[in-house]
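*Asks:* Take this structure, written in structure tokens, and hold onto it; I'll ask about it next.
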């Protein structure tokens, strides 16, 4: 655990979701100062002296920039940004209209782009650099898995391209953007939507968060341009 004198700061978006709540608790346990976001109107019950929570519409560029301006002013060194905000929608190629495509790009790509854009710039001027973690998905990497969730897969694949671009610029500055690509995450909502599945083959939020923590901590300092596939039993 990091001592208070050497406390690191992590931004976690999408903190109100199943994965986000696990991430907040785990990073707090590891000794991080956590600066988190939830969607407007989203309830959030976790409380800790090292936790700050803001209600931000991450698809609104002006809201994101205003929030991050305050964060960077208060915490000039942001060690990690874990960008978990996002959403899923099904739909094959014929059923993926313009509205669905735009929604998926907004909630899955733009929400991460607006945050990483500002935080990446900050990390590049920090002596210690920084770590950004994006959440893609198995369908974003494997087209056969994407046929029933086309707009979702496209929006998640954009995050993989974003990571590559950030790593091309950040390599010399010790700023690394990692991508974690899970298959189906074992959450109550997924169990409700896919009843009777073999849940033991899914990936748990706890497993994903441990990998994210590895990327962000000193143990993962040698990683460069990582794309980590967490498919569980669905590989």
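The values are calculated or read from the model by the stated rules, or taken from the named source; none is laboratory data. Since the structure is predicted, the reported quantities are computational estimates derived from the model, not experimental observations. Neighbour counts run over all protein chains shown; Cβ positions are idealised from the backbone, glycine included.
*Asks:* Which numbered condition trips up residue 128, out of (1) assigned to a strand (DSSP E or B); (2) modelled with pLDDT under 95?
*Replies:* (1)
*Asks:* Residue 53: crowded, with 19+ Cβ neighbours inside 10 Å and out of contact with any helix residue (DSSP H, G or I) (no Cβ under 8 Å at 6 or more places or on another chain), yes or no?
*Replies:* Taking the combined requirement at face value, the residue satisfies it.
Per-residue answers, yes or no, for (1) buried (at least 17 other Cβ atoms within 10 Å of the Cβ); (2) under 20 Å from the mean Cα position of the chain (by Cα):
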| residue | (1), (2) |
| --- | --- |
| 164 | no, yes |
| 182 | yes, yes |
| 195 | no, no |
| 216 | yes, yes |
| 221 | no, yes |
| 235 | no, no |
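*Asks:* If you don't mind, another one. Need pairs with beta-carbon distance below 7 Å; first residue under 15 Å from residue 135 (Cα atoms) and within segment 214-235, second assigned to a helix (DSSP H, G or I) and modelled with pLDDT under 95; sequence gap 6+ or separate chains.
*Replies:* These pairs meet every condition: 214/220.
*Asks:* Can you name every residue in segment 42-69 that is outside any loop (DSSP other than H, G, I, E, B) and closer than 22 Å to residue 18 by Cβ? Spell out the reasoning first.
*Replies:* Filtering segment 42-69 for residues outside any loop (DSSP other than H, G, I, E, B) gives 51-55, 61-69.
Matches in segment 42-69: 51, 52, 53, 54, 55.
*Asks:* Determine which member of the set 70, 6, 31, 20 is out of contact with any helix residue (DSSP H, G or I) (no Cβ under 7 Å at 6 or more places or on another chain), within 18 Å of residue 216 (Cβ to Cβ) and free of Cβ contacts under 8 Å to residues at least 12 places away in the same chain.
*Replies:* The unique qualifying residue is 6.
*Asks:* Only residues that are within 20 Å of residue 9 (Cβ to Cβ) and modelled with pLDDT under 95: list them for segment 175-222, please.
*Replies:* Of everything in segment 175-222, those that are within 20 Å of residue 9 (Cβ to Cβ) and modelled with pLDDT under 95 turn out to be 217, 218, 219, 220, 221.
*Asks:* Could you please tell me which pairs satisfy a Cβ distance under 6 Å, a separation of 6+ or placement on different chains, a first residue in segment 120-138 that is free of Cβ contacts under 8 Å to residues at least 60 places away in the same chain and on the phi < 0 side of the Ramachandran plot, and a second residue that is in a helix (DSSP H, G or I) and surrounded by fewer than 20 Cβ atoms within 10 Å (Cβ to Cβ)?
*Replies:* Pairs that qualify, where the first residue is free of Cβ contacts under 8 Å to residues at least 60 places away in the same chain and on the phi < 0 side of the Ramachandran plot and the partner is in a helix (DSSP H, G or I) and surrounded by fewer than 20 Cβ atoms within 10 Å (Cβ to Cβ), are 122/72; 124/173.
*Asks:* For residue 96, all conditions in the list (1) in contact with a strand residue (DSSP E or B) (Cβ under 8 Å, 6 or more places away or on another chain); (2) part of a loop (DSSP other than H, G, I, E, B) hold save one; what is the number of the exception?
*Replies:* The one condition residue 96 does not meet is (1).
*Asks:* Additional query: In this structure, is residue 140 surrounded by 17 or more Cβ atoms within 10 Å (Cβ to Cβ) and more than 16 Å from the chain's Cα centre (by Cα)?
*Replies:* Against the criterion (surrounded by 17 or more Cβ atoms within 10 Å (Cβ to Cβ) and more than 16 Å from the chain's Cα centre (by Cα)), residue 140 does not qualify.
*Asks:* From the list 112, 106, 80, 89, which residue is over 16 Å from the mean Cα position of the chain (by Cα) and either surrounded by 19 or more Cβ atoms within 10 Å (Cβ to Cβ) or farther than 26 Å from residue 174 by Cβ (or both)?
*Replies:* Result of the check over 112, 106, 80, 89: 89.
*Asks:* Please specify each residue of segment 206-235 satisfying the condition of being touching a strand residue (DSSP E or B) at 6+ places or on another chain (Cβ under 7 Å) and under 19 Å from residue 32 (Cα atoms).
*Replies:* Once the filter is applied, which keeps residues that are touching a strand residue (DSSP E or B) at 6+ places or on another chain (Cβ under 7 Å) and under 19 Å from residue 32 (Cα atoms), segment 206-235 yields 207, 208, 211, 212, 215, 216.
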